[in-house]
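Comments concern the structure below.
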Amino acid sequence: MKDPTVTYRKRTPTSQKFWQKAQRLIPGGITANVKHYNPYPIFMKKAKGSKLYDVDGNQYIDYCLCYGPLILGHGHPAVTEAIKKQLHQGGTTVYGTPNEIETKMAKKIKQDVPCAKMTRFTNSGLEATLHAIRTARAYTKREKIAKFEGHYHGAHDSVTISITPPLNQAGPNHTPTPVPNSAGLPNHILQNTLVLPFNDLPSTEKIIKKNRNELAAIILEPVARGFIAPDKEFLKGLRTITQENEIVLIFDEVMTGFRLGLGGAQEHFGVIPDMVALGKIVGGGLPAGVFAGKAEIMAVMSPVGSKHPYDHLFHSGTFSGCPTVLAAGLATIEVLEKPGVYNHINWVAEEVKKCMNNVFEDYNIAAQATGVGSMFQCLFTSQKQIRNYRDTAKADAQKRVNFDLELINRGVYVRPGKPFYTSLAHTKADLNKTFDAIKEAIKTVAK
Ligand SMILES: Cc1ncc(COP(=O)(O)O)c(C=O)c1O
């Protein structure tokens, strides 16, 4: 097979130069580890609609969309206008005091997201899951939590476990061993975070029952990594067990929130958790997060009427509820509310998936494009049904990266190895170009 990095390097010499310079000041030359891949990441300098433009003047159809938030594409006029209007009318970026737009957004979230009766704002999805977990601990007065193997909730200590564990360390299928996913994690988190097997209700139930008196919360991505759907009965079963044992069920909808529909995965699958973490789309392309839930649970953080600073939960954040961010988020949601918008975004994803799957079949390649709504993943594996992390870990990751680099060389951008996301800005013309790129890219990978 031809080495795709040869063409990649030829097309992107300025990115390589910028990356080398950045490495002298920024560890790895990147500000989030996910942004690194071999041979080096591309530096972008402009974007509009469905397109990204790099520092060498190459144009790309963007299927990364900043890992999901840009559901309307880059620089949608409704969003940029809302930001400008807020800046103009507000006269500043942030007030550092309560503001009316916070209540407006909390009301919108309450209308759209079934479990979100009360809301607090954060600056990222990571903070949203961190505070949701702390809230559950304060509410139940229990310490342990459980997460599912392969699920990502941001890089804070109690959930940076078993996100991508090596299979030879991950333990038995039915009782996964907690594996730290980063250097620098304190040992005690391994005692307080249990790891559960996704889409395996009987084994999950056994572990929960064994720890029922110590478990504050169970957190999960209802669609694991944005593309592994839950079995029909799995979410319902999990809801029942957590209810029976008074454990707070947290849906991490940082990825699925406002992407699977206005009501996210909880509306899509008809299972309502106690709490939700949101992010990405809710900030309209600016940094944002939300944690929300039942009123009696969220009440643990209200200082109103409190006698002592330690008798309620502490949540803070200098920029939480930033009006500029919320204006962008509200404008995004208002566009998503228009008829036909989700149909278009999902249709684009279906078309790209269909093209990939047809091409894989034509070339007799053991691979599949699989996902839910407007998020999907491409896996080079002969495994027919992908039900959990372990199924994905057996796929040929290098083949996938080669495929992605071939796509990038043909003007289709995805972070190599990561899921694809679609947007309102993707057009029929984009699709035709993408189809051509897929057909050409697969020829070289198939060789
Ligand atoms: C499901 C999920 N939870 C939490 C996070 C963390 O969000 P952020 O990167 O905004 O901190 C992410 C980010 O990709 C995510 O996909």
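The simple spin-label model puts a point 7 Å past each Cα toward its Cβ; for Thr103 and Asp157 those points are separated by 3.8 nm. 3J(HN,Hα) along region 308-322: 9, x, 9, 8, 9, 6, 9, 10, 9, x, 3, 9, 4, x, 4 Hz, from the Karplus curve 6.51 cos²θ - 1.76 cosθ + 1.60 with θ = phi - 60°, whole Hz, x for Gly and Pro. Once the Cα-Cα distance is subtracted from the 0.36 nm per residue extended length, the Asn211 to Phe319 segment shows a gain of 35.2 nm.
Could you give the size of the charge dipole of the chain about its Cα centre, using +1 on the Cβ of each K and R and -1 on the Cβ of each D and E, expressed in debye and rounded to the nearest 20?
Working: 55 positive and 39 negative charges, 174 e Å.
So the magnitude is around 840 debye.
If you average the alpha carbon positions of region 238-273 and of region 86-121, how far apart do those two centres end up, in angstrom? Using only Cα atoms to place each centre, the spacing works out to 22 Å. To put it simply, the accessible area of the chain at a 1.4 Å probe is 53 percent carbon and sulfur.
Take the Cβ-Cβ distance between Lys443 and Lys307 as r, set R0 to 56 Å, and report the resulting FRET efficiency rounded to the nearest 0.05.
Details: r = 71 Å, r/R0 = 1.27.
After rounding to 0.05, the efficiency reads 0.20.
For a quick protection proxy, order the peptides 152-164, 346-358, 8-20 by their average other-Cβ count within 10 Å, most packed first.
Values: 152-164: 20.1, 346-358: 18.5, 8-20: 16.5.
Highest mean packing first, the order is 152-164, 346-358, 8-20.
Starting from the Cα gyration tensor of region 63-182, take the square roots of the eigenvalues, sort them a ≥ b ≥ c, and report rounded, prolate or oblate (rounded when a/c is under 1.5, otherwise prolate if a/b is larger than b/c, else oblate). Prolate. A protection proxy built from the mean count of other Cβ atoms within 10 Å ranks the segments 227-239, 200-212, 305-317, most packed first, as 227-239, 200-212, 305-317.
Considering Cα pairs under 8 angstrom that are at least six residues apart, work out the relative contact order of the chain and quote it in whole percent.
Computed value for the chain: 21 percent relative contact order.
Spin-label model, Asp436 to Lys236: label points 7 Å out along the Cα-to-beta-carbon direction sit 4.8 nm apart. Rolling a 1.4 angstrom probe over the protein heavy atoms with all chains in place gives the chain an accessible area of 44 Å² per residue. With a simple spin-label model that places each label point 7 Å from the Cα along the Cα-to-Cβ direction, the separation between Gln398 and Val94 comes to 4.5 nm.
On a full-extension model of 0.36 nm per residue, what is the gain between Gln59 and Tyr363, subtracting their alpha-carbon distance, rounded to one decimal in nm?
Taking Gln59 through Tyr363 to full extension adds about 106.6 nm, to one decimal.
The charge dipole of region 351-395, taken about its Cα centre with unit charges on the Cβ atoms of Lys, Arg (+1), Asp and Glu (-1) only, comes to about 240 debye. For the chain, taking Cα atoms only, Rg and Dmax work out to 21.9, 71 Å respectively. Ordering Met118, Ile145, Ser158 by the projection of their Cα atoms onto the charge dipole of region 108-158, which places +1 on the Cβ of Lys and Arg and -1 on the Cβ of Asp and Glu, puts Met118 at the extreme positive end.
Each residue of region 165-173 is assigned a 3J(HN,Hα), and the resulting list reads x, x, 4, 6, 10, 7, x, x, 4 Hz, derived from the Karplus form 6.51 cos²θ - 1.76 cosθ + 1.60 (θ = phi - 60°), x at Gly and Pro.
Test of the criteria: in region 102-154, which trypsin sites (Lys or Arg not before Pro) are in a DSSP loop and have at most 12 other Cβ atoms within 10 angstrom of their Cβ? Each step should come with its number before you reach the end.
Values: sites: Lys104, Lys107, Lys108, Lys110, Lys117, Arg120, Arg134, Arg137, Lys141, Arg142, Lys144, Lys147; in loops: Lys117, Lys141, Arg142.
Loop-located and lightly packed - Lys141.
Only Lys, Arg, Asp and Glu carry charge here, each on its Cβ (+1 for the first two, -1 for the last two); on that basis region 217-367 has a dipole of about 260 debye about its Cα centre.
Using amide H atoms built in the peptide plane, which far-off residues or other-chain residues are under 5 Å from Leu196 H to H? Hits under the 5 Å cutoff: Lys147, Phe148, Glu149.
Put simply, when 88-99, 173-184, 41-52, 265-276 are sorted by average Cβ atoms within 10 angstrom per residue, most first, you get 265-276, 41-52, 173-184, 88-99.
When a/c is below 1.5 the answer is rounded, else prolate if a/b is larger than b/c, else oblate, so apply that to region 57-134 with a ≥ b ≥ c taken from the square roots of the Cα gyration tensor eigenvalues. Provide the component values of the computation, followed by the final result.
On the way: a/c = 1.93, a/b = 1.26, b/c = 1.54.
Because a/c hits 1.5 or more and a/b fails to exceed b/c, region 57-134 counts as oblate.
Efficiency by 1/(1 + (r/R0)^6): what FRET value for Ser382 and Asn168, r their Cβ-Cβ distance, R0 = 22 Å, to the nearest 0.05? Before the final figure, lay out the partial values.
On the way: r = 21 Å, r/R0 = 0.94.
FRET efficiency, Ser382 to Asn168: 0.60.
Out of the DSSP beta bridges found with both residues in the chain, what percent are antiparallel (nearest 5)?
Values: 27 of 44 bridges.
Of all bridge pairs located within the chain, approximately 60 percent are antiparallel.
The values are calculated or read from the model by the stated rules, or taken from the named source; none is laboratory data. The structure displayed is predicted, hence computed values, not measured ones. In this analysis, Cβ positions are derived from the backbone assuming ideal geometry, glycine residues included, and neighbour counts consider all displayed protein chains. Each accessible area value is taken on the protein alone, full model and side chains, heavy atoms only, with ligands, DNA and RNA left out. Shrake-Rupley method; radii C 1.70, N 1.55, O 1.52, S 1.80 Å.
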